[in-house]
Amino acid sequence: MYLRKIYTLVFLRNETQILLGLKKRGFGLNKWNGFGGKVEHNESIIDAAIRELREECCVDVNKSDLKNIGHLEFTFEGESILMDVRVFSASVYEGVPTETEEMAPKWFKYEEIPFDDMWPDDRIWFPYLLKNKLFYGIFHYKGYDTILNYEVKELKCMETFYKNKK
Ligand SMILES: Nc1ncnc2c1[nH]c(=O)n2[C@H]1C[C@H](O)[C@@H](COP(=O)(O)OP(=O)(O)OP(=O)(O)O)O1
């Protein structure tokens, strides 16, 4: 039985590029990723996504402009935590992405995403994101570099996925 912890992960995108941030401290140090983190006690998932984006790269996004595009789960050999990561995308936002103590943001062309310097699972589920498909992925890691097993699939509708998950 796992202890589930909920995280957010937000990607800002335009027609040709995606915004990634280089993690400067803590979990995922020196990896490029979207912006996000733990959902705090008494905080909604969407509010956490907005807060983390503001804290990590000084950009504001409205709730209505954040689209839930995927759900990821991570477990680690010998650990009882299950990381439940809610993935969002937005193309409308306010502010200029700015470096903070936690993240250094940079726009990447879709064909130049730095997978070698990202979490190993990213190259498996990013193709869904890049094709604008909704997705579910579950990954079981040994340490933080080796994926022991995984499953990824396209979803038709996030609401139906969460309704059936309960
Ligand atoms: N394997 C993998 N692939 C893609 N994305 C992620 C992972 N593992 C992850 O943790 N993530 C994402 C999920 C979150 O967006 C971040 C991790 O959040 P973290 O920085 O630990 O949370 P914060 O609340 O910001 O932590 P503090 O540093 O403030 O304590 O990476």
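Every read-out reported here was derived from the displayed coordinates using simple, explicitly stated rules and does not represent laboratory data. All values reported here derive from a predicted model rather than from experimental measurement. Cβ: placed from backbone, ideal geometry, glycine included. Neighbour counts: every protein chain shown.
For the pair SER80 and GLU15, a Förster radius of 45 Å applied to the C-beta separation gives a FRET efficiency near 0.60, rounded to the nearest 0.05. Here's the picture: a label point sits 7 Å out from the Cα of CYS58 along the beta-carbon direction, and within the range 99-122 the residues with their amide nitrogen under 18 Å of it are 99-107. Whole-percent P(r), the chain, all Cα pairs, 10 Å bins from 0: 10, 40, 40, 10, 0.
In terms of distances greater than 21 angstrom between alpha carbons, the cross-link table entries LYS5/LYS163; LYS23/LYS109; LYS67/LYS153; LYS38/LYS63; LYS31/LYS63; LYS109/LYS133 yield LYS31/LYS63. Of the residues THR98, THR146, THR16, the one that moves most in a GNM of the chain with alpha-carbon contacts below 10 Å is THR16.
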